[in-house]
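Notes follow once the structure below has been shown.
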Amino acid sequence: MGDWRTDPTFTMCRALVDGADLSSFAGGPFDVRAAVSAIRPEAKDGFLLGQVPWERFPQGGDVRDAVHLLHTEGSLRAGAGVVSGMCANDMRAAAVLAVPFLIRIAADSRHPCRADALVEAACPARARHVGIASRDELLLHRADFQDGDLHDDCGVEVTGYPAGWSVAAARPTNSRLARTTHVTNHPADGKPITAHLPR
């Protein structure tokens with residue numbers, strides 16, 4: 001992984017440290033919530049990774065490459081683990097961009113790493129609760145935030161990026177998955193044969 005301080009988002013993070021109002025960046029090019037919302041369904045379904053602004057966020061190129069390898073090579077070593085590793089290192093912004101693609105890999109009954117992709121997809125929504133797997137605890141915020149925290153009680157990532165933005169961008173995708181994904185099992189062998197994905 002390269003130095004995250006060379007990523008364009010670092011300019012925003014420095015401005016926040018210098019007293020800029022976070023709300024002045026809301027909806028802009030470095031708001032990952034807006035970036036995820038802008039990914040077209042056709043790009044998600046067709047794995048058109050070039051249409052996603054990975055380069056705006058810390059380590060975005062690494063995440064894009066991992067998603068590509070996982071999708072094309074179907075190897076856990078090739079791609080999975082990058083997203084969860086970044087989340088464990090408290091760098092979620094670029095990892096969130098991978099979630100819609102990881103969900104599609106997880107829904108592909110022929111993909112050899114579908115279970116791993118589903119685990120990876122949930123990681124950015126967990127805030128600092130790495131390793132918590134229960135449905136009830138998945139979306140908990142961290143408990144050690146400071147009074148006056150301006151980032152939705154999630155604080156900042158190690159890069160200075162507002163962690164609340166990353167978590168907020170990941171949660172709707174994961175909650176839509178929980179509400180709308182439906183898998184029908186084949187009556188003979190019990191294997192999933194259909195899945196309806198969120199747009």
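Screening residue 64 on (1) open to solvent by 30 Å² or more (accessible area, probe 1.4 Å); (2) closer than 18 Å to residue 107 by Cβ shows it passes everything except condition (2). Taking residues in the range 144-172 that are surrounded by fewer than 18 Cβ atoms within 10 Å (Cβ to Cβ) and acidic (Asp, Glu), and partners anywhere that are assigned to a loop (DSSP other than H, G, I, E, B) and modelled with pLDDT of 55 or more, the pairs with Cβ atoms closer than 9 Å and at least 6 places apart or on different chains are 144/155; 149/155; 153/127. Looking at the range 16-27, is at least one residue under 13 Å from residue 98 (Cα atoms) and open to solvent by 70 Å² or more (accessible area, probe 1.4 Å)? Checked against the condition, which is being under 13 Å from residue 98 (Cα atoms) and open to solvent by 70 Å² or more (accessible area, probe 1.4 Å), the range 16-27 yields no hits at all.
Quick one: would you say residue 82 is under 12 Å from the mean Cα position of the chain (by Cα) and in contact (Cβ under 8 Å) with a residue 60 or more places away in the chain? So residue 82 fails the test. Among the residues making up the range 3-15, none is open to solvent by less than 60 Å² (accessible area, probe 1.4 Å), β-branched (Val, Ile, Thr) and more than 19 Å from the chain's Cα centre (by Cα).
If I filter the range 73-84 for residues that are open to solvent by 20 Å² or more (accessible area, probe 1.4 Å) and modelled with pLDDT of 90 or more, do I get at least one hit? Taking every residue of the range 73-84 in turn, none turns out to be open to solvent by 20 Å² or more (accessible area, probe 1.4 Å) and modelled with pLDDT of 90 or more. Report the residue count in the range 105-130 for those that are in a loop (DSSP other than H, G, I, E, B), open to solvent by less than 70 Å² (accessible area, probe 1.4 Å) and at pLDDT below 85. Number satisfying all stated conditions: 3.
The values are calculated or read from the model by the stated rules, or taken from the named source; none is laboratory data. As the structure is a prediction and not an experimental result, all values here were calculated from the model. All Cβ positions, glycine included, derive from the backbone under ideal geometry; neighbour counts span all protein chains shown. Accessible surface is based on the protein model in full, side chains and every heavy atom, while ligands, DNA and RNA are left aside. Shrake-Rupley method; radii C 1.70, N 1.55, O 1.52, S 1.80 Å.
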